[in-house]
Amino acid sequence: MRFATVAFPKDAEDLRLQVRRFLEAEKADGRFVPHRSSWNTFDPDFSRRAAKAGYVGLTLPEAYGGHARSSLARFVATEEMLAAGAPCGAHWIADRQSAPQILRHGTQVARDHIIPRICAGECYFGIGMSEPDSGSDLAAVRSKAVRGAGGWVLNGQKIWTTNAHRVHYLLALVRTGDAGADRHGGLTQFIIDMAAPGISVRPIHDLSGNHEFNEVFFTDHFVADDFVVGEVGNGWSMVTQELAFERSGPDRFMSDYRLLTELVDRIGPAPDARQAVETGRLVAHMGALMAMSGSVAALLDRDIVPNVEAALVKDVGTAFERDIPEVARRLVAVEASLDAQDDRFAEALADVALRAPSFTLRGGTREILRGVIARGLGLR
Amino acid sequence: MRFATVAFPKDAEDLRLQVRRFLEAEKADGRFVPHRSSWNTFDPDFSRRAAKAGYVGLTLPEAYGGHARSSLARFVATEEMLAAGAPCGAHWIADRQSAPQILRHGTQVARDHIIPRICAGECYFGIGMSEPDSGSDLAAVRSKAVRGAGGWVLNGQKIWTTNAHRVHYLLALVRTGDAGADRHGGLTQFIIDMAAPGISVRPIHDLSGNHEFNEVFFTDHFVADDFVVGEVGNGWSMVTQELAFERSGPDRFMSDYRLLTELVDRIGPAPDARQAVETGRLVAHMGALMAMSGSVAALLDRDIVPNVEAALVKDVGTAFERDIPEVARRLVAVEASLDAQDDRFAEALADVALRAPSFTLRGGTREILRGVIARGLGLR
Amino acid sequence: MLHAPASPQADLQSEPNDFSAILAEQTDRLLAQHVTPACLKAADGGVFPAAAWEAVSDAWLPLALVPEAAGGVGLDAPAAAQILRRSGYHALPAPLAETMLGLAVWTAAAGAAVEGPVSLATGLLRLASGTILAEGTMAHVPWAGAAGHVLAIAEAPDGARHLALLPRAAYTIVPRRNLANEPRETLHIGTAPLGPDALLPLPAPLAGPDGLMLFGAFARAQQMAGAMERCLDLAVAYANERKQFGKPIGRFQAVQQMLAVAAGESAAAGAAAQVAAAAWNTDQFPLAVAIAKARCGEAAGKVAEICHQVHGAMGFTQEHVLHFITRRLWAWRDECGNDAHWQERIGRMVCAQGGAALWPRLVALRAAANGDRGTQP
Amino acid sequence: MLHAPASPQADLQSEPNDFSAILAEQTDRLLAQHVTPACLKAADGGVFPAAAWEAVSDAWLPLALVPEAAGGVGLDAPAAAQILRRSGYHALPAPLAETMLGLAVWTAAAGAAVEGPVSLATGLLRLASGTILAEGTMAHVPWAGAAGHVLAIAEAPDGARHLALLPRAAYTIVPRRNLANEPRETLHIGTAPLGPDALLPLPAPLAGPDGLMLFGAFARAQQMAGAMERCLDLAVAYANERKQFGKPIGRFQAVQQMLAVAAGESAAAGAAAQVAAAAWNTDQFPLAVAIAKARCGEAAGKVAEICHQVHGAMGFTQEHVLHFITRRLWAWRDECGNDAHWQERIGRMVCAQGGAALWPRLVALRAAANGDRGTQP
């Protein structure tokens, strides 16, 4: 495994301070309240302001309105957003994985049409991978595209599509041919325009009663050739690449970072032995994860696709995310409640407790990731 | 799962007090020093004294020198022995599983010849299940017996045989025919007389440097028909039954019970918050396990073979056993050492730390047990 | 209507016998009929399940622990606890546990039952003088809006403590809900006089540091034990039904190993809860409850996590019944003292008594199942 | 012999580069040659591995952190830490870590190195007056019998603290061993005078509450990180080789999932250890060491447990090399402050500073990799 210590270049650390100042000003002016589920909070106004300040599309070419910065620079900006609890859910997926995919594998038309708007914080994406009978088993994708004039006609269904009701596009994995012996063939990635005909979206309410997930149905939905991403039939390997971006970032262990700081404040400056030890343990985990995640960012920067390392970051990281509320509730005896107007910490705990089960599911279940890691270890 | 609360009959609780008084007198007279690995400590003199006092062969018929008591009575006596750290390793396996197997399935000759000596605390057994290529996979047994005049001729090898160098007999599982489609056929249990020709024993030293395990080699070793246990070819189902006895007893979570009491004493009467919470947690686990294990004893008493419940007790119980030293070392900062003459607790920790890895291996690995449990849950 | 057996002192706790099997089956049938997904969804939105509560009341379940002489069913505690575990299994969104235990405590002191629902407050009620209440608040009172009475411990200005039965008129409520959206209201208490029969000497079992919380913890432990069984049943069923990579996920060893761990936690929790029921009305009750609440609370988190993991995204939706169970597990483990609270109680007691005292204490705890038990707390 | 690169300040820590790869390979080759199973077994029985120590010394490894000007190699700390991780990987049964760090600390203060082996004492040495030692004992001093000198902090009667270099003649030893049978002797110190050069002003990094334990913890974290890599390598190899139920056990999902967990723990521990090395000689060093020792200590137990589980009974034998590694992990996690000790340090600091201060602090910690570092502690 390649987890060498990373030295962040000076320009990245300079950027960090700029982003931090930007976010402090945002907060000071009341433009956002620090949110515990930072990257799941959809706020287009914030996304536009962040883009205007230069913090969206950091790694994308200047020709498309991006900033031609390193992955490490983007990494640093990302960390600051999460640590501040900024509501960056609107542009998150587009910025993290859709734009880089389109840049690498998309047509020039798609690039020109979409990437500048992503960089402007005005164009948002969802991920169209899961289907009712293919959760972790992507090879079981059954949504199907058949060849039409100048493009493809799609029929089928996606599920668990985050923000499908608010985004402009999905990057969807669709079957265009036979799976073949290795089960990985015959899949293609398409850019789905959510405003085009032949698409319907049905909400799925989660256990907090929130509407974030959706079912998406394609009925003779037409996708022009310009919106095919990469080679037809080569979707599997592209998705695999995409997952390395999706799995190794600080969003995989900072989803509830603010609960940790709220815990520290709630405990106060004179912890008892148990509070000190347990809090210190969480901070030690956090320190190690920051180093691991930074190392993977450095690898991505060198165009290495660190699938196994990314899986390790996500596995260790999501275990940490799930641990925070479990530790917190034992250190501070409160009864978690979503309507605990009187008790901010009880509300924080409730909020995180109800989201935590998803941490080890999103972006590949824990069990699938551990299979990836095992293969990386050379188990056969 | 059947874990109903058990009410111990009055005669069992009376027996408990008798055993407790016997053990207190033994300790007071310096006949044994409480040992942390009670049931792994081989002391024939203690076994003979315990038998004389009436505490060996409790469930066996009076005709064989036993005491015709219930499984619950034996259970109670067992608990007291373990809690006191009595060195009961010599008679443990014979009393726990070999004698009941011979009583149920052995020939009259074998019963008459062996059981009275077990009840007298003078005859000790080892378990001959594991082989070099069959650890958890008993169906892979390769030691082989072929028919001879008036008996069987054995060749092959056993491994990890506890106390093979000190016991009088092994109850060994040997191949006498084809495995068949279910892989469970063609196995037979034999009583192996360790004093007879054709047996050699080679020590295996464990990571503490102790000699408890052995390799046992059979070279044309002859076993008379009288020493065949149960029907030829029916060994698998007998072993399965035997494992329910082996897996559910208090020895599956009390191996290091004395470390828990030593921890309590080392912490002293005024624990800090962390010490109180963590110690309380261990005690809560212990209380639940005592109830679970008692329930299984009650089932055994009614001639039910609770394989799944026994596997649950062992799985939860051995996790608890492994947890005790892990918790203890964090609550009391000592450096464990086998030669810490000055620091009894450091020595206790070292002793347990070096034995703990075996807790989740002996009598069926954790992973195998969980498979048994999963089948019991109805997963298919 | 629920009938007590001819001899309620029969050996109910020793093994699953006919009576307890019949009782469980009756309770299950009644609850399965009334506590439907629609009922749970409505309760989630704040609707009291009147029909379910009526059915439960008609079956006399709230009166399970009230002696026959006082107009109750006179079940013994292990049988009554089984009813609570079944109510947890079905996630009954109504104050059965509170009413059953509130009536048991009150009837033992007062000799006669009152109309349900009854709630149990774990905070301290203050008396200004005599039977006059002092102004104050009590937080996290379950089902206070629906209850006819709230049982509480009242402290007089001189520090003397009494058992008090607060009528609905004596307080106003501020709504608040737990993670499962069960009502856990804040009570605002005015300076009204309590009736002459509403203040009684404090019964001995309530004199400990945890007061009525001990009985609340008892109830939550039973409910959690039942809810964990349900979680596990749901996860096993889902694992056998859901296919990935061409076979039911229940055939994957990773899923099997996880569910085996959940089964172990659930079994240990259930055993601890049953020990507490068997220890009802004995000296061992406080320690038994502490162990049960601590063990169930610890297991609840693990079982909920594993069962959610097995259900994948499906268990994360409003549509699936799983969250009605898991949100209760998360709420109940924190109510009436979280696991750390009860672990600390146990740890301080054990350390104060020393290592040698531990074994006899643990044996006595389990032996409580043999002792005489009544329906008095 | 080990050579420093032309520019020892080269960007060694930023990624696995040629120099660090070559260094690791050289160290591995040297250690693999000398630290054989026979050598480990002999050391277990109390025999000092003279040949291995000679080879290590000939390669100048103990002098890695001594500046070239003071006659050393002048490696930077990340490179030196890598040597320590490799020594942990091979379970080198000799005081390389103690000597390397002892010489680094002493040379930085005194300007010149002394003959090795050197040990680090974490206890406090007492001075009777001036340079005269008070009678006393220091426990758990590693390799004190083999060492030429023991580095310690000495306290004068007025409370002033100094760095002291105790010559072998100044103490007698009572043997004691850790779980891995490495010498951890008790020193009995008589009332002898220290030489004029043996007492120096206390360097700033030693002024904290943990004194020399900080450097001991640094060493143990690196050694543990290396030992965990070894454990994992052994377990993966065994899982691919050992067959049960007709296939290598490494094909069973249960084994794969376990080893993936161990890999995660090992990777996190390794990352934390590297952060500590990068923070050498910066303000972040104490926090970085606390995090490294805490994280490695926690991971060590899990990795050892899993790797033993995978090895089954085989790993439990004297014959297999696994226990030489796991017994060290168990010993090292408790030495120089166990994980709870360092977690408490971190927790008290973080709580004292408040939630808002945490993020900048964590960023600064990782950013220490960018800072100027020398070979001075």
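Some observations on this one:
- Qualifying positions in region C:243-258 - buried (at least 18 other Cβ atoms within 10 Å of the Cβ), farther than 10 Å from B:R370 by Cα and more than 7 Å from every other protein chain (Cβ to nearest Cβ): C:I249, C:V255
- Pairs with Cβ under 6 Å, 6+ apart, first in region C:57-83 and in the same structural domain as C:I22 (by TED's automatic domain parsing) and farther than 26 Å from C:V275 by Cβ, second part of a helix (DSSP H, G or I) and at pLDDT 95 or above: C:A59/C:L30; C:A70/C:T107
- Of the strands (runs of 3 or more DSSP E) lying entirely inside region A:114-203, those containing at least 1 residues that are within 14 Å of chain C (Cβ to nearest Cβ) span A:125-128, A:151-159.
- Taking the criterion of being more than 7 Å from every other protein chain (Cβ to nearest Cβ) and either without any contact (Cβ under 8 Å) to a residue 40 or more places away in the chain or over 18 Å from B:Q275 (Cβ atoms) (or both), the residues of region C:332-355 that qualify are C:W332, C:R333, C:C336, C:G337, C:Q353.
- Each residue in region A:38-67 was checked for being modelled with pLDDT of 95 or more and over 14 Å from A:P87 (Cβ atoms), and 13 of them qualify.
- Of all the listed residues (A:T261, A:T219), the sole one being hydroxyl-bearing (S, T, Y), touching a residue at least 40 places away in the same chain (Cβ under 8 Å) and either in contact with a strand residue (DSSP E or B) (Cβ under 7 Å, 6 or more places away or on another chain) or facing chain D (nearest Cβ under 7 Å) (or both) is A:T219.
- When A:D265, A:D251 are checked against the criterion of being charged (D, E, K, R) and in contact with a Ser or Thr (Cβ under 9 Å, 6 or more places away or on another chain), A:D251 stands alone in meeting it.
- D:D44 touching a Pro at 6+ places or on another chain (Cβ under 9 Å), outside the structural domain of D:A271 (by TED's automatic domain parsing), of a type in the set (D, E, K, R) and within 19 Å of D:A227 (Cβ to Cβ): yes
- Test: residue in region C:224-236 that is away from chain B (no Cβ under 14 Å), of a type in the set (G, A, S), in contact with a helix residue (DSSP H, G or I) (Cβ under 9 Å, 6 or more places away or on another chain) and not in a helix (DSSP H, G or I): no
- Boolean, D:V321 is in contact (Cβ under 8 Å) with a residue 24 or more places away in the chain, surrounded by 24 or more Cβ atoms within 10 Å (Cβ to Cβ) and more than 10 Å from chain A (Cβ to nearest Cβ): no
- Flag for C:G312 being modelled with pLDDT of 95 or more, at the interface with another protein chain (Cβ under 7 Å from one of its Cβ atoms), surrounded by fewer than 24 Cβ atoms within 10 Å (Cβ to Cβ) and under 30 Å from A:T162 (Cα atoms): no
- Check on B:A284, facing chain C (nearest Cβ under 7 Å) and either crowded, with 24+ Cβ neighbours inside 10 Å or of a type in the set (D, E) (or both): yes
- Every residue from region A:35-52 that is more than 18 Å from the chain's Cα centre (by Cα) and crowded, with 17+ Cβ neighbours inside 10 Å: A:R49
- Flag for C:A146 being outside the structural domain of C:H323 (by TED's automatic domain parsing) and part of a helix (DSSP H, G or I): no
- Conditions (1) surrounded by fewer than 24 Cβ atoms within 10 Å (Cβ to Cβ); (2) at pLDDT below 95; (3) not hydrophobic (A, V, I, L, M, F, W, C); number of the one not met by D:E305: (2)
- Members of region A:291-306 that are touching a helix residue (DSSP H, G or I) at 6+ places or on another chain (Cβ under 6 Å), of a type in the set (A, V, I, L, M, F, W, C) and outside any helix (DSSP H, G or I): A:V305
- The listed residue being among the aromatic types (F, W, Y), crowded, with 23+ Cβ neighbours inside 10 Å and assigned by TED's automatic domain parsing to the domain that holds B:D226, out of B:W92, B:W160: B:W160
- Single residue of B:R111, B:R74, B:R117, B:R69 found to be more than 25 Å from B:I324 (Cα to Cα) and buried (at least 24 other Cβ atoms within 10 Å of the Cβ): B:R74
- Residues in region D:234-255 that are under 15 Å from D:H311 (Cβ atoms) and without any contact (Cβ under 8 Å) to a residue 40 or more places away in the chain: D:V236, D:A237, D:N240, D:E241, D:K243, D:Q244, D:P248, D:G250, D:F252, D:A254.
- Within region A:327-342, if we keep just the residues that are outside any helix (DSSP H, G or I) and aliphatic (A, V, I, L, M), the residue that is farthest from D:Q257 (Cα to Cα) turns out to be A:A340.
- Within region B:307-326, one or more residues are without any contact (Cβ under 8 Å) to a residue 24 or more places away in the chain and either closer than 30 Å to B:T5 by Cα or not in a loop (DSSP other than H, G, I, E, B) (or both).
- For region A:55-73, filtered to residues that are in contact (Cβ under 8 Å) with a residue 60 or more places away in the chain and not β-branched (V, I, T), the residue that is nearest to A:D193 (Cα to Cα) is A:G57.
- Only listed residue being at the interface with chain C (Cβ under 9 Å from one of its Cβ atoms) and in contact with a helix residue (DSSP H, G or I) (Cβ under 6 Å, 6 or more places away or on another chain), chosen from B:L331, B:L369: B:L369
- Criterion (surrounded by 21 or more Cβ atoms within 10 Å (Cβ to Cβ) and assigned to a helix (DSSP H, G or I)) met by exactly one of C:A38, C:A43, C:A69: C:A43
- Residues of region B:135-157 satisfying the condition of being buried (at least 16 other Cβ atoms within 10 Å of the Cβ), free of Cβ contacts under 8 Å to residues at least 24 places away in the same chain and of a type in the set (G, A, S): B:A140
- Some residue of region B:19-26 being crowded, with 21+ Cβ neighbours inside 10 Å and closer than 22 Å to B:A311 by Cα: no
- Pairs meeting the criteria (first residue in region D:264-293 and surrounded by fewer than 24 Cβ atoms within 10 Å (Cβ to Cβ), second residue among the small types (G, A, S) and at pLDDT below 95, beta carbons under 7 Å, at least 6 apart or on different chains) are D:N281/D:G374; D:T282/D:A368; D:T282/D:G371; D:Q284/D:A364; D:Q284/D:A368; D:P286/D:G208.
- In the set B:G106, B:G128, only one residue is modelled with pLDDT under 95, crowded, with 24+ Cβ neighbours inside 10 Å and of a type outside the set (A, V, I, L, M, F, W, C); that residue is B:G128.
The values are calculated or read from the model by the stated rules, or taken from the named source; none is laboratory data. Quantities reported herein were computed from a predicted structural model and do not represent experimental measurements. We place every Cβ from the backbone using ideal geometry, glycine too, and count neighbours over all the protein chains shown.
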